[in-house]
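Written below as structure tokens is the structure these notes are about.
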Amino acid sequence: MMEFDSIFDTVKGKRQKARGNSSGFGRSLNTRAKHFSSNDRTLESLIEPEKEKATNLTSLKSDLLNIWSKGVKANTKLADTDSRISPWLSSLTYLLAGNILLPLYFSQITIIGQENLPKSGPVILAPTHKARWDSLLLPYATGRYITGRDLRFMVTSTECQGFQGWFVRRLGGFPINAKRPSITTLRHTVELLLRGEMLVIYPEGGIFRDNEVHLLKPGIARLAMSAESSHPGLGVKIVPICFNYSHPYPSWGADVNISIGSPIKVSDYAQGCIKQDAKSLTDDLHHALQQLNYEYDDLTSSGMLGISNS
């Protein structure tokens with residue numbers, strides 16, 4: 001019986017020990033669980049600020065992209081109407097065109113009336129348009145080496161595209177949609193006049209290879225009248241210029257005559273109604289171009305046309 005009691009006590013002791021171990025293991029698990037829970041909270045406290053930073057960075061990136069996008073759009077709008085002169089490119093173009101290309105390509109270059117070119121103040125050169133060569137010959141006859149002034153060209157939108165457009169924009173050219181001119185382009189044109197620039201606008205609106213002066217577009221006179229009426233005393237002048245080539249499509253060895261007429265003072269036409277005043281100015285400009293054309297025909301027929309390519 002005592003042996004049985006001893007065995008019972010031994011078993012009871014092992015059970016109690018087992019319970020104690022189980023209890024200890026449970027407490028250990030609870031302690032570890034609390035530890036992990038504490039670690040999780042610590043980890044979350046560390047991660048949360050980083051999440052906030054990431055959110056802020058994403059927001060900042062989005063803001064920067066929006067600003068950049070607006071800047072690109074603004075620059076694009078500016079580029080559409082920008083009229084600038086690249087110092088190195090313009091100097092190189094004047095040098096090559098004036099001293100090599102034009103004198104070698106054309107057999108005879110005649111320039112009449114350079115004394116009519118204003119040396120200062122807002123000026124619109126209004127030439128007839130007979131060939132693509134006109135835009136190279138104009139600076140040669142009226143530009144930096146003659147008046148000390150660079151020219152600003154209003155050209156069609158197609159002439160400001162691609163490789164050609166790259167050069168045109170850096171040599172004073174800016175595009176206009178002839179069918180639907182934008183307010184921005186028209187405003188830029190008036191601003192050039194207010195700055196006292198020498199501006200080139202082909203009043204016929206296109207190239208005509210016959211020996212006639214065609215009907216003029218009213219835009220050139222309206223622009224001039226708008227600038228003059230908004231700033232009385234500005235002193236805008238329009239200079240009629242007539243091109244005549246020996247061949248409709250000037251080839252190597254062709255002759256060219258450039259006749260420059262007397263300046264027309266826009267202020268003389270400011271009577272209070274811009275539309276009517278512009279019509280009168282357009283009519284007189286058309287007459288002046290026709291007169292230059294007639295004079296060329298008379299000189300040619302009489303054999304009195306002086307030739308010079310200097």
Handout entry: Selection from the range 217-257 of residues that are among the acidic types (Asp, Glu) and over 18 Å from His188 (Cβ atoms)
Key = Asp255
Practice task
Tally the residues that are farther than 19 Å from Ile220 by Cβ, of a type in the set (Ser, Thr, Tyr) and assigned to a loop (DSSP other than H, G, I, E, B), restricting the search to the range 240-286.
Solution key: 3
Practice task
Give me the pairs, please: first residue somewhere in the range 280-309 and under 18 Å from Ile124 (Cβ atoms), second residue anywhere and modelled with pLDDT of 65 or more and part of a helix (DSSP H, G or I), beta-carbon distance under 6 Å, and either six or more positions apart or on two chains.
Solution key: Ser280/Tyr269; Leu281/Ala221; Leu281/Tyr269; Thr282/Ala221
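So, Ile207, is that one surrounded by fewer than 15 Cβ atoms within 10 Å (Cβ to Cβ), β-branched (Val, Ile, Thr) and either farther than 17 Å from Ala126 by Cβ or touching a residue at least 12 places away in the same chain (Cβ under 8 Å) (or both) or not?
Working: surrounded by fewer than 15 Cβ atoms within 10 Å (Cβ to Cβ): yes; β-branched (Val, Ile, Thr): yes; either farther than 17 Å from Ala126 by Cβ or touching a residue at least 12 places away in the same chain (Cβ under 8 Å) (or both): yes.
It is true that Ile207 is surrounded by fewer than 15 Cβ atoms within 10 Å (Cβ to Cβ), β-branched (Val, Ile, Thr) and either farther than 17 Å from Ala126 by Cβ or touching a residue at least 12 places away in the same chain (Cβ under 8 Å) (or both).
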Practice task
Given the conditions (1) out of contact with any Lys or Arg (no Cβ under 7 Å at 6 or more places or on another chain); (2) surrounded by 16 or more Cβ atoms within 10 Å (Cβ to Cβ); (3) at pLDDT 90 or above; (4) farther than 21 Å from Asn244 by Cα, report the number of the one that Lys119 does not fulfil.
Solution key: (2)
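Quick one: count up the residues across the range 78-96 that are closer than 28 Å to Lys217 by Cβ and either modelled with pLDDT of 90 or more or acidic (Asp, Glu) (or both). Reasoning before the result, please.
At the first step, the residues of the range 78-96 found to be closer than 28 Å to Lys217 by Cβ are 78-85, 90, 93.
The next check asks that each one be either modelled with pLDDT of 90 or more or acidic (Asp, Glu) (or both); those that pass are 80, 82.
Final tally of qualifying residues: 2.
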Handout entry: Matching residues, the range 139-161, being surrounded by 20 or more Cβ atoms within 10 Å (Cβ to Cβ), in contact (Cβ under 8 Å) with a residue 24 or more places away in the chain and in contact with a strand residue (DSSP E or B) (Cβ under 7 Å, 6 or more places away or on another chain)
Key = Pro139, Ala141, Thr142, Gly143, Leu151, Arg152, Phe153, Met154
Exercise for the section: Would you list the helices (runs of 4 or more DSSP H) that sit entirely within the range 133-239 and hold 2 or more residues that are touching a Lys or Arg at 6+ places or on another chain (Cβ under 9 Å)? Expected result: 162-170, 183-194, 219-230
Fill in the blank from the handout: Going through the range 162-202 in order, the residues found to be modelled with pLDDT of 90 or more, surrounded by 14 or more Cβ atoms within 10 Å (Cβ to Cβ) and of a type in the set (D, E, K, R) are Glu197
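The values are calculated or read from the model by the stated rules, or taken from the named source; none is laboratory data. Small disclaimer: the values here were computed from a predicted structure and weren't measured. Here Cβ is always computed from backbone atoms with ideal geometry, including for glycine, and neighbour counts include all displayed protein chains.
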